[in-house]
1. Residues that are outside any helix (DSSP H, G or I), more than 13 Å from the chain's Cα centre (by Cα) and closer than 23 Å to B:T6 by Cα: does the stretch B:220-243 have at least one?
2. For the stretch A:205-221, give me each residue that is closer than 21 Å to A:R188 by Cα and either in contact with a strand residue (DSSP E or B) (Cβ under 8 Å, 6 or more places away or on another chain) or among the β-branched types (V, I, T) (or both).
3. Among the listed residues A:L211, A:L184, identify the single one that is closer than 26 Å to A:A64 by Cα, assigned to a helix (DSSP H, G or I), modelled with pLDDT of 95 or more and of a type outside the set (G, A, S).
4. List the helices (runs of 4 or more DSSP H) that sit entirely inside the stretch A:66-181 and contain at least 3 residues that are within 14 Å of chain B (Cβ to nearest Cβ), hydrophobic (A, V, I, L, M, F, W, C) and surrounded by 16 or more Cβ atoms within 10 Å (Cβ to Cβ).
5. Given the options B:F266, B:F252, name the one that is in a helix (DSSP H, G or I), at the interface with chain A (Cβ under 10 Å from one of its Cβ atoms) and farther than 30 Å from B:D173 by Cβ.
6. Residues of the stretch A:265-311 being away from chain B (no Cβ under 14 Å), touching a residue at least 24 places away in the same chain (Cβ under 8 Å) and either surrounded by fewer than 18 Cβ atoms within 10 Å (Cβ to Cβ) or of a type in the set (S, T, N, Q) (or both), which ones?
7. Within the stretch A:221-250, work out how many residues are more than 14 Å from the chain's Cα centre (by Cα), small (G, A, S) and away from chain B (no Cβ under 12 Å).
8. If you check every pair at least six apart or on different chains, which have Cβ atoms under 9 Å apart with a residue in the stretch B:59-86 that is on the phi < 0 side of the Ramachandran plot first and a residue that is acidic (D, E) second?
Amino acid sequence: MKALVAGGAVALVLLVALPAVLSSYQLSLLTKMLIFGIFAMSLDLLLGYAGLPSLGHAAYFGVAAYTVGLLALRVANNFWIDFPAGLLMAAGMSALFGLFALRTRGSYFLMITLALGQVLWGIAFGWRSLTGGDDGLPSVPRPRLPLPWSLTDGVPFYYFVLFFFALAVGALAVIASSPFGRALVGIRESERRMEVLGYDVWRYKYVAFILAGLFAGLAGTLFVYFNGFVSPSYLNIVFSASALLMVILGGAGTLLGPALGAAVIVGLENFISGYMERWVLVLGVIYVLVTLFAPSGLVGLARQRMRSSGS
Amino acid sequence: MTFWVTQALNGISFGMLLFLLAAGLSLIYGLMRMLNLAHGSYYILGGYVGLAAVRVTGSFVLAAVAATATVTLVGIVMERFFLRRFPEQELPQALLTFGFLLIFADLSLWLWGGTPQTLPKPEIFERSIRIGAIVFPTYRLFVIAIGLVVGLGLWWLQEGTRLGAMIRAGVDDAEMARATGVNVGLLSTAVFAFGAFLAGLGGIIGGPFVGVYPGADFEILEMALVVVIIGGLGSLKGAFVGGLVVGLLDNFGKALFPELALFTVFAPMAVILALRPTGLFGAR
């Protein structure tokens with residue numbers, strides 16, 4: 001535990017210091033990694049802790065992004081209204097979808113989360129007058145805050161995102177180590193045992209589902225500010241599945257593993273897309289390789305390595 | 001009146017196509033508890049290989065043979081060398097098959113380009129039949145006939161043959177079936193291959209009216225999943241009824257409320273789920 005805290009502190013210092021040495025392009029890539037890291041960690045709360053494999057997690061990311069984008073463009077670019085509205089919509093949507101999804105388990109849960117996610121994708125795609133359809137919402141402005149720096153610049157915006165990233169890591173760490181988080185792990189291991197012990201399993205899963213949606217919404221709001229643009233592709237199954245991949249690649253059930261997985265995927269996409277057009281093909285191969293050779297993720301592999309060298 | 005009859009016919013024929021896809025998905029799940037997200041890829045693979053074969057041979061029948069043979073082989077390879085390693089583990093299965101979905105999608109885009117294409121119809125079904133004011137394209141009737149024949153054949157296979165009894169035993173209790181001497185491993189490969197065959201056949205049958213294009217794999221997969229969710233996983237009857245329901249909902253949805261096209265399919269699914277989480281004919 002001490003090693004973990006020390007490692008976290010080192011990572012935080014590094015993340016704070018990095019803008020001094022990175023180019024503005026590299027910094028924007030790092031910003032994206034942090035945002036997708038929040039997204040992956042939010043899914044890990046469901047998958048890694050509660051054992052619920054959602055294939056529709058993009059829904060909450062996308063709903064928050066669209067909410068903020070629409071409010072900022074059509075109503076007012078007011079951070080204190082738009083930002084909470086984005087979070088609220090994400091949490092509300094997961095509260096609604098959770099009612100359906102949590103009636104099921106296993107493969108049914110995968111399919112239903114997928115199908116529910118596609119409902120939102122269908123609306124974003126079809127309801128052109130509201131969402132712009134396939135073209136999405138362009139030119140979403142960055143928030144204006146009473147700060148000495150403008151968030152339209154890369155460095156202040158990076159720190160703005162880093163602040164929320166640290167906040168999310170802290171909040172998820174507290175949740176994971178709380179009695180609530182322990183109960184989720186218990187449910188993952190044996191739902192029946194927890195029921196016998198008197199836990200209201202459904203309620204625990206439902207709260208976890210909403211919390212995961214809320215943090216995915218945080219990632220979505222930050223993303224639309226970062227990217228200035230949102231389209232239906234941030235609601236669809238490919239994006240949802242990539243979140244699952246990030247979690248598994250990093251290590252499900254570890255707090256920071258999924259953020260690492262997100263950084264690897266975002267980095268690889270950027271690197272490979274620069275050399276060839278076939279990123280999707282490579283991504284498909286990564287899915288297969290990770291499933292076959294790294295089912296417990298990079299964190300799992302590192303632990304094995306440490307254990308075998310330690311003994 | 002003409003509108004309703006024509007749309008109903010279109011909906012039923014699309015429903016029969018969905019039945020071909022959902023039947024495989026459902027059988028595979030029923031026997032192996034395996035969710036194959038690459039099932040939609042078999043559709044576009046069937047369509048594209050069929051298209052290539054039609055260009056070379058000029059024969060729809062030969063194209064159908066080439067396409068279904070290719071897709072069946074792909075299915076066997078996927079089951080034997082990859083999916084078999086993860087029995088009853090839905091998450092690795094989902095990731096693995098999603099990886100294959102992306103691989104096939106990008107390979108198809110690479111090989112066959114991004115323009116939507118349609119397969120030429122077999123010549124005898126180029127014509128239309130006219131009854132009063134209503135015009136029936138014979139190809140649509142042919143698709144409905146294929147769906148009915150496959151449905152009846154599957155029903156007979158499952159209820160009337162020894163193989164069907166073995167499959168039903170495997171669905172109910174794989175361990176027990178194994179103990180009584182059923183080679184569940186071989187049976188699983190056979191059912192998986194057969195599911196892939198049906199999806200490849202779907203690509204050939206759907207090629208002339210739905211077409212093949214980048215993204216068709218995802219659309220077909222989602223539609224087939226909704227069919228299976230509505231009908232119930234593992235149920236043949238569910239795949240048939242679900243296919244008809246979704247085919248009709250989709251067609252009338254697109255015709256009457258084009259802006260909410262997908263919604264007219266997904267909203268009823270949510271309602272059915274809320275009432276019956278295992279679908280209309282699902283066992284559990």
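1. No, because not a single residue in the stretch B:220-243 is outside any helix (DSSP H, G or I), more than 13 Å from the chain's Cα centre (by Cα) and closer than 23 Å to B:T6 by Cα.
2. A:V207, A:I210
3. On the way: A:L184 fails: modelled with pLDDT of 95 or more.
After applying the criteria, what remains is A:L211.
4. Where helices (runs of 4 or more DSSP H) fall fully within the stretch A:66-181 and carry at least 3 residues being within 14 Å of chain B (Cβ to nearest Cβ), hydrophobic (A, V, I, L, M, F, W, C) and surrounded by 16 or more Cβ atoms within 10 Å (Cβ to Cβ), they are A:79-101, A:106-126.
5. B:F266
6. A:G267, A:N270
7. Going through the stretch A:221-250 one residue at a time, the tally reaches 2.
8. Close Cβ pairs satisfying both conditions: B:F60/B:E123.
The values are calculated or read from the model by the stated rules, or taken from the named source; none is laboratory data. On a predicted model such as this, the values are computed, not experimentally measured, just so you know. Backbone-built Cβ (ideal geometry, glycine too); neighbour counts: all protein chains shown.
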